[in-house]
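Below: one structure, written as structure tokens.
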Amino acid sequence: MFSAAASTSFPARGQTGIRGLTFATRPKDKPYDTCHRILDLSEQKITKIAAGDYHSLVCNNKGQVFSFGDNTNGQLGFDYDPENNIVPTPTPLLLKSQYPGRNLMAAVKTLAAGGANSYFVVDVEDTQKGKVTSDLLACGTGIFGNLGNGKWTHVQGSPVKVKSLCGLSECQFPTLQFLQNN
């Protein structure tokens with residue numbers, strides 16, 4: 001997995017996933033926008049990528065999310081820490097607090113980021129009942145209602161469920177055999 005600087009100013013909020021990479025420490029013998037390998041993800045099979053203004057999200061083939069960059073509004077999915085609001089390397093986002101219990105398994109199926117927000121579509125399998133439902137989780141700034149949780153929250157660190165888009169499952173239609181018999 002690689003990242004690159006793609007802005008008018010060199011990334012300085014950890015969004016590249018490379019600890020210590022700044023304009024001053026960039027390789028002087030390479031172009032400004034050269035790709036840098038994210039060594040912390042070298043063992044992961046990354047299948048999805050999303051980026052906001054100053055943060056990045058990646059998801060592996062097992063549905064595990066790693067986030068890095070600016071967490072000023074909780075957009076990385078971690079509680080805000082005013083003394084340490086930049087997470088410079090990919091850090092696993094744990095969703096177990098949203099799904100307590102031994103029989104619930106959560107896996108992120110898709111993700112999105114924009115500005116200072118992050119969104120995750122999570123498939124939740126109840127291994128005891130053999131049922132899978134999908135939830136939408138959101139974190140970051142919600143001051144304009146963009147978290148979809150009915151609250152106008154300045155900072156939302158841990159991902160919250162968007163209630164109107166949670167517990168969804170595929171609809172199974174009854175067989176159409178009766179139509180064939182008529």
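Since every read-out is calculated from the coordinates, none of them should be taken as a lab result. Owing to the predicted nature of the structure, the values given are computational and were not obtained by experimental measurement. Cβ sites come from the backbone with ideal geometry, for glycine too, and all protein chains shown count toward neighbours.
Quick look at the numbers
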| item | result |
| --- | --- |
| Scattering profile of segment 80-179 at q = 0.22, 0.24 Å⁻¹ [log10 I(q)/I(0), Debye over alpha-carbon scatterers] | -1.21, -1.33 |
| Chymotrypsin sites (Phe, Trp or Tyr not before Pro) restricted to DSSP loop in segment 62-146 with at most 14 other C-beta within 10 Å | Phe144 |
| Ascending count of other beta-carbon atoms within 10 Å, so fewest first, for His36, His55 | His36, His55 |
| Exceeding the 21 Å Cα-Cα cut-off - candidates Lys109/Lys131; Lys45/Lys129; Lys96/Lys163; Lys96/Lys161; Lys48/Lys163; Lys48/Lys129 | Lys45/Lys129; Lys48/Lys163; Lys48/Lys129 |
